[in-house]
Amino acid sequence: MAPKVLISDALSPAAVQIFKDRGVEVDFQPNLGKDKDKLAEIIGHYDGLAIRSATKVTPKILQNAKKLKVIGRAGIGVDNVDIPAATAKGIIVMNTPFGNSITTAEHAITLMLALAREIPAADQSTQAGKWEKNRFMGVEITGKTLGVIGAGNIGSIVIDRALGLRMRVIAYDPFLSPERAVELGVEKVELEELLKRADFITLHTPLTEKTKNILDAKALAMTKKGVRIINCARGGLVDEAALRATLDSGHVAGAAFDVFSTEPANENPLFGQPNVICTPHLGAATSEAQENVALQVADQMSDYLLRGAISNAVNFPSITAEEAPRLKPFIELAEKLGSFAGQLTEGDLKKIQISYEGHVAQMKTKALTSAAVAGFLRPMLQDVNVVSAPIVAKERGIIVEEVTREAAGDYESLITVTVFTDGVTRNVSGTVFADARPRIVNIKGIRMDAEFGHSMIYITNLDKPGFIGKFSGTMGDAGINIATFHVGREAPGGNAVALIEIDGEMPPKVLEAVRALPQVQSAKPLKF
Ligand SMILES: NC(=O)c1ccc[n+]([C@@H]2O[C@H](COP(=O)([O-])OP(=O)(O)OC[C@H]3O[C@@H](n4cnc5c(N)ncnc54)[C@H](O)[C@@H]3O)[C@@H](O)[C@H]2O)c1
Ligand SMILES: O=C(O)[C@H](O)COP(=O)(O)O
């Protein structure tokens, strides 16, 4: 059955066409995102949700999203999605990190120029028939200093355009390397210096604990008199009430805001000021940018739903469409090895170690580790998948360790899952041969070669004559068909293991009879 996607925001209709062309069923309800209750009511029917910033993906909505596998943000900011809650539910959250950057940078430059020449007020006055030629005295921007807070994708484009306008540009960004600053042609400075030197300040950081109110009353007091401030990034970066006070006092000459601490912003301390320009979160609103992000998000979501390829996910490593088919059997192997270890684990778990040897060590091991951990946890917790597994493990204090060794041993690729509990260390290894079927090749250091079956019995026994005959007899008496039988041993007469696939379930009474066989040390039914 074709996967089904809901578009709950005003995405470009280009997205609808892409979904349809790719074979994804699509429901386009551009205003639904604003109706939380309705969204919560219907979200359960969809495999994918495509949004912009108007849809708030809250824990309540996620609670009802029983089938949801992916949330695609046609844009950059994912602060309207509860990412920890989505991750805990195993839902991939992806965005389109570059599709609207140029457009947003252009909006910031537009607002800066409009502020410098008071364009909106001059327009209003002129159209009111006032011809106030002497009222509007602007400032030239050539040679002025622009302070850029946040020199990422958008900040870098703003820097480039501002240099083209012959401004001096200084930037504050703790993650900007000196080499990148040189490449951008910008002077990297500390925040305090930026505040003291800039004639214009433009913000381009996400809203985080560290950036919230980065321009508060104290920071604003450090700015140069006559500074003009532009915010096209996120509401909450500037303390709006404090800014209003500095505008009122005349210290700040003007402000241009596209984003507000509460949106939609029906009222705000900045509204109504003569030297303030406001736009309703229009940074990304050009037909070019909207088409870019809509096409990209529809493609990314379709790739994931149809082919398992992951790009631009904020909560999972990327897997290309080319990698996905190669990775798939190894994901299955890692998950099954994890499941094998999880079904056998009793006692207090300390650590899981997943080691990769040979060719598999060069693959996306982070994704494979998540799969192994998901397989391990699933016997204990039903609702866990490769996306949610790492945080579920972390919440439970389980240490997950990853080891890679690119040199191949006996196998071209080998994955080993080792579980450390109080006093017991148990390991199981597997590989994938050319037939792409995962198999177990080593249990506790004992070699074997067994494919995973749906219903299996794992037996530890002593390598003594009669075990196979007695076991087969017990199963035959109970009318249970043995599908495959694999054995391995440490040494003749020593510890041995058997993995037997049976058709159907193992009744508890028959399991008791198997456990009572003289050679058997333990017997455990397993499900894969
Ligand atoms: N107005 C709009 O419509 C619109 C459109 C697109 C993006 N945005 C917003 O613009 C912002 C920037 O987007 P981007 O694509 O450039 O993001 P980005 O991740 O590429 O860049 C953000 C930069 O901020 C820097 N940063 C992080 N913490 C910082 C701190 N404490 N101080 C200074 N710098 C810090 C990072 O190092 C990074 O370089 C985001 O919040 C995004 O949501 C708004
Ligand atoms: O983060 C973004 O991409 C911008 O804030 C754009 O938001 P929008 O898609 O709601 O216009």
- Task: Would you mind telling me which numbered condition in (1) touching a residue at least 40 places away in the same chain (Cβ under 8 Å); (2) touching a helix residue (DSSP H, G or I) at 6+ places or on another chain (Cβ under 8 Å); (3) not acidic (Asp, Glu) LYS144 fails?
- Result: (2)
- Which of (1) touching a strand residue (DSSP E or B) at 6+ places or on another chain (Cβ under 9 Å); (2) in contact (Cβ under 8 Å) with a residue 40 or more places away in the chain; (3) away from ligand 2 (no atom under 16 Å from the Cβ); (4) among the aliphatic types (A, V, I, L, M) does ALA108 not meet, given it meets every other one? (3)
- Message: Suppose we filter PRO317, PRO325 for residues that are farther than 30 Å from MET456 by Cβ, out of contact with any Phe, Trp or Tyr (no Cβ under 7 Å at 6 or more places or on another chain) and surrounded by fewer than 20 Cβ atoms within 10 Å (Cβ to Cβ); which single one remains?
- Response: PRO317
- Looking only at the range 265-314, which residues are modelled with pLDDT of 95 or more, more than 16 Å from ligand 2 (Cβ to nearest atom), assigned to a helix (DSSP H, G or I) and surrounded by fewer than 18 Cβ atoms within 10 Å (Cβ to Cβ)? LEU306
- Across the range 428-438, what is the total count of residues that are surrounded by fewer than 20 Cβ atoms within 10 Å (Cβ to Cβ) and either at pLDDT 95 or above or among the hydrophobic types (A, V, I, L, M, F, W, C) (or both)? 3
- Task: Name the one entry in THR262, THR202 that is within 16 Å of ligand 1 (Cβ to nearest atom), not in a loop (DSSP other than H, G, I, E, B) and not small (Gly, Ala, Ser).
- Result: THR202
- Message: Criterion first (assigned to a loop (DSSP other than H, G, I, E, B), in the same structural domain as ILE149 (by TED's automatic domain parsing) and under 25 Å from ASP258 (Cα atoms)) does LYS224 satisfy it?
- Response: yes
- Is it fair to say ALA171 is touching a Lys or Arg at 6+ places or on another chain (Cβ under 7 Å), in a strand (DSSP E or B) and either closer than 20 Å to VAL227 by Cα or within 16 Å of ligand 1 (Cβ to nearest atom) (or both)? yes
- Query: Within the range 79-106, can you find the residues that are within 15 Å of ALA233 (Cβ to Cβ) and either among the charged types (D, E, K, R) or within 8 Å of ligand 1 (Cβ to nearest atom) (or both)?
  - Reply: ASP79, PRO97, ASN100, SER101, THR103, THR104, GLU106
- Please verify whether the range 76-93 includes one or more residues that are within 12 Å of ligand 2 (Cβ to nearest atom), among the polar types (S, T, N, Q) and touching a strand residue (DSSP E or B) at 6+ places or on another chain (Cβ under 6 Å). no
- Message: Every residue in the range 405-420 that is outside any loop (DSSP other than H, G, I, E, B) and surrounded by 15 or more Cβ atoms within 10 Å (Cβ to Cβ), please.
- Response: SER413, LEU414, ILE415, THR416, VAL417, THR418, VAL419, PHE420
- Item | Flag for THR126 being exposed (fewer than 15 other Cβ atoms within 10 Å of the Cβ), closer than 21 Å to ARG228 by Cα and hydroxyl-bearing (Ser, Thr, Tyr) | no
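The values are calculated or read from the model by the stated rules, or taken from the named source; none is laboratory data. These numbers were taken from a predicted model, which means no experiment stands behind them. As a convention, Cβ positions derive from the backbone with ideal geometry for all residues, glycine included, and neighbour counts pool all protein chains shown.
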